[in-house]
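Undergrad: The structure's right below; bear with me while I get my questions together.
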């Protein structure tokens, strides 16, 4: 997590199924950091779409991208989240 503070990103992609920390905790820590609170956080998950949508909203994410990632659609998906801010 300290890497995100070294160079503040324009967007943060978070896998909700991390082995060492759950997605909700990670997103909460990101949103509590004053320097990151306005950075869009997007969940990346293989959960079913409706579950992913519900969990992303519940966790405080700005949205989600489903896995497997569609490499043709991915750049447009990222651009959409960057343009919302």
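Undergrad: Working out 0.36 nm times the residue gap between residue 79 and residue 57, then minus their Cα-Cα distance, what length gain in nm do you get to one decimal?
TA: 6.0 nm
Undergrad: Return the Cα extents of the range 1-57 along principal axes one, two and three, sorted largest first, each rounded to a whole Å.
TA: Projected onto the principal axes, the Cα atoms of the range 1-57 cover 33, 23, 16 Å.
Undergrad: Given the -39500 (n - 2.57) contribution per DSSP H run of 4+ residues, what per-residue ellipticity at 222 nm results for the chain, rounded to the nearest 500 deg cm²/dmol?
TA: Calculated at 222 nm, the ellipticity per residue is -12000 deg cm²/dmol.
Undergrad: Could you tell me how many cubic angstrom of Cα convex hull volume the range 20-85 has per residue?
TA: Spread over its residues, the Cα hull of the range 20-85 gives 95 Å³ apiece.
Just so you know, all these numbers are worked out from the coordinates, no wet-lab data involved. Remember, it's a predicted structure, so these values are computed and weren't measured experimentally.
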